[in-house]
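Reading through the structure tokens given below for one structure.
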Number of protein chains: 2
Amino acid sequence: MLTDRQLLIFQVIVNDFIRSAQPVGSRSLAKKEEIQYSSATIRNEMADLEELGFLEKTHTSSGRIPSEKGYRFYVDHLLSPQKLDKRDVNSVKSIFAERIYELEKIVQRSAQILSELTNYTSIVLGPAVKDNKLKRIQIVPLNEETAIAIIVTDTGHVENKIFSLPPNIDPGDIERMVNILNSRLTNVPLEDLNGKIYKEVAILLKQHIHNYDSMLSSIADTLKIPANDKLFFGGKTNMLSQPEFHDIEKIKNLMNMIEDEEDMYEIIRKNPSGIHVKIGKENKNTAMENCSLITATYSMGAEQLGTIAILGPTRMEYSRVIGLLQILSHDLTTVLTKLYQNK
Amino acid sequence: MLTDRQLLIFQVIVNDFIRSAQPVGSRSLAKKEEIQYSSATIRNEMADLEELGFLEKTHTSSGRIPSEKGYRFYVDHLLSPQKLDKRDVNSVKSIFAERIYELEKIVQRSAQILSELTNYTSIVLGPAVKDNKLKRIQIVPLNEETAIAIIVTDTGHVENKIFSLPPNIDPGDIERMVNILNSRLTNVPLEDLNGKIYKEVAILLKQHIHNYDSMLSSIADTLKIPANDKLFFGGKTNMLSQPEFHDIEKIKNLMNMIEDEEDMYEIIRKNPSGIHVKIGKENKNTAMENCSLITATYSMGAEQLGTIAILGPTRMEYSRVIGLLQILSHDLTTVLTKLYQNK
DNA sequence: TGTTAGCACTCTTTCATAACGAGTGCTAAA
DNA sequence: TTTAGCACTCGTTATGAAAGAGTGCTAACA
């Protein structure tokens, strides 16, 4: 469709704009050494590229900036195989340098490094808890009326919830119940717990425990814990430094969205595996219409665990960010697989 | 020191400026019904108040705004006994309407309501964990090499940490160790745990457990958990709506500070009990020089637990915010005392 | 036929200037 | 002691001119 010359010019314009955030004019292009044509020729090509929808003008006599369609084309067809800066690679590797055991800490640190490297905002959806398998249930009575239920998963994740005890409960009953729960539910994925409790465990409890029904509903309720997986952020305020966000109103919308867990969860959830780029209005959210979101997934073995994302202006360093996400998601997957595979 | 008329004029100026964020001129003051003097008289008084340091001008011929000294005087001497709006009172009461068991949830919700009512940013320092007493220690092995230590406190707070096991550990040893720890350490305040472990528990472990020394250091290390108490925020982005933060640079500084847990912790920590107001530069942090911070403490019984704070512009609704904090800290204290006093 | 030089035109940015309004400080009169 | 009046200051807004960056188009060129 496009001639080689058009491709060249388009690519240089996009790169230039990504770097400078200023509309690119024909004269400044003609001065570049990789472009040997006169400004008039370039003007003609730019007019064509605009007609095709890849470029835009901010006003009648301004230079050109890439349109969303332009960015889309750039991302899909013009990104050369990523050659990452060595420093970037080293920075990512450094995340895994110290021996950390907690999955969450690794994830948290990834988010932080990513935002520092890019000066954009990073969002990491923590490991999906619902696929974790139950390692142990524990109930600790706090006083006559309340107790705390604690569940530990095979990945070392801990959840807890306080619930109220039925009056005059026998401590022995609690202990028996915990034993039954553990013997029957160990290694069951958290999302299956609830079903299994009513199908298999209820019968057993009925045989051994007084007052089992009021207890059971408390416990079952408690085990419904893993509602949303945890979100981690890095560089929440980085977008304030981007020149496209000089406007307070825009910033307010964006920051409000970032602060709203629900919104962010909606945006980053259920990503198909691999790397994906959403540009400008491709993100449904109006607060993000000047933003691009790049997501990558990470896994443990064959099981997809979570998502890493970078939120930046549409004028984003796509090449570099994609490179960073690729290497990070790969490394995360490798480390996690090694660390927890031998359960 | 000040005449009654000066007091009246000063108070009206402050109230007007808090409402409108605009410098207050003599003519607009003269129009108010509570002020019966001519604009010229008021001008003279304003000149005097400025000389005394209570008022400032933004430029030669502008109206007056309160100086920091002025706000300080206003807060210390001019705040009438707080008459709170009924809706405000009801909103605060609503926090405690549902029966919630988790202390953290109550605190979290308080922060949220507070920020919604005021349109400022609220910061709540969660209950000091170090004063909690140990209810139970649990150790759950995850695999051959790692285990997770869980501690539960008397207030239902749960902390956990993964640590590495010495090679070839005997499961029976772990169980014996947990029993010893629980029998010896239950009801010990968290901050005393470490000392007590080495003084009393080490000897016992030596008698009963193989390999006790390498285990002990792991455990002791694990129990050093409660580093910082948890911070909760409400309305982090509210300051973006305040007219004094039209300047992107100011916003960036402020938001960066709010996002930095260390900074915030430093600012809100170790507050003497009661309500305190820090105005403008009285806050050492330069990002806060256009802000005021009002803090209040809450307790459980006689034991001071944490701090609630509101961060707003120096042009803050002092009267209302102080009133809100008073009633909230009082109610929090009451509820918490009732809920957990009967341990 | 593709490329380029040249020129008229457009639009933004910057600067200077003027007019207006809000507000002050000071003086003199009530 | 209070107030009316007036000159003065400063910020805000509108206007216009000039400069600069960039475009589109036409005509000439290789």
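Structure notes:
- Between helix B:171-185 and chain B: long-axis angle, C-alpha atoms, 0 to 90°, nearest 10: 50 degrees
- Each other copy holds its own label point for B:GLU261; taking that point as 7 Å from Cα along Cα to Cβ, the gaps run 1.5 nm, nearest first.
- Remark on the protein assembly as shown: ratio of C-alpha radius of gyration to 2.2 N^0.38 Å is 1.16.
- In sequence order, region B:239-249 has phi-based couplings of 5, 4, 8, 6, x, 6, 10, 6, 7, 4, 4 Hz under the Karplus curve 6.51 cos²θ - 1.76 cosθ + 1.60, θ = phi - 60°, and Gly or Pro positions carry x.
- Summarising the amide proton neighbourhood of B:SER299: residues at separation of 5 or more, or on other chains, whose placed amide H is nearer than 5 Å comprise B:LEU305, B:THR333.
- Averaging Cα coordinates gives a centre for region B:248-309 and one for region B:69-111; these two points are 16 Å apart.
- Peptide A:133-146 - average C-beta neighbours from other chains (10 Å radius): 4
- For the peptides B:139-150, B:120-131, the ranking by mean Cβ contacts within 10 Å, running from highest to lowest, is B:120-131, B:139-150.
- Taking a ≥ b ≥ c as the square roots of the eigenvalues of the alpha carbon gyration tensor, region B:4-78 is rounded, as a/c is under 1.5.
- Under the Karplus curve 6.51 cos²θ - 1.76 cosθ + 1.60, θ = phi - 60°, whole-Hz ³J(HN,Hα) for region B:110-118, x wherever Gly or Pro sits: 4, 4, 5, 4, 4, 6, 5, 5, 9
- Pairs from A:LYS252/B:LYS83; B:LYS135/B:LYS199; A:LYS105/A:LYS278; A:LYS230/A:LYS281 whose Cα-Cα separation, in the structure shown, is over 30 Å: A:LYS252/B:LYS83
- Remark on A:THR155: its backbone amide H falls under 5 Å from those of A:LYS133, a criterion applied only to residues 5 or more positions apart or on other chains, H modelled at 1.01 Å from N.
- Inter-part distance, region A:1-50 to region B:131-193, computed on C-alpha centroids, equals 65 Å.
- Dividing the summed -39500 (n - 2.57) terms of all DSSP H runs of n ≥ 4 by the residue count of the protein assembly as shown sets its mean residue ellipticity at 222 nm at -13500 deg cm²/dmol.
- What separates the A:GLY301 label point from its copies, with the point 7 Å along Cα to Cβ, is 4.9 nm, written shortest first.
- Among the listed pairs B:LYS32/B:LYS93; B:LYS86/B:LYS338; B:LYS224/B:LYS270, those whose Cα-Cα separation exceeds 29 Å are B:LYS32/B:LYS93.
- Backbone amide hydrogens, once placed in the peptide plane, bring B:ARG136 within less than 5 Å of B:VAL152, excluding anything fewer than 5 places away on its chain.
- Per-residue Karplus couplings for region A:65-72, computed as 6.51 cos²θ - 1.76 cosθ + 1.60 with θ equal to phi - 60°, are listed in order as 10, x, 7, 4, 4, x, 4, 4 Hz, Gly and Pro entered as x.
- Shape of region A:130-222, Cα gyration tensor, a/c cut at 1.5: oblate
Where a number appears in this text, it was derived from the coordinates with a stated rule and is not lab data. Since this is a predicted model, take the numbers as computed values, not measurements. In this analysis, Cβ positions are derived from the backbone assuming ideal geometry, glycine residues included, and neighbour counts consider all displayed protein chains.
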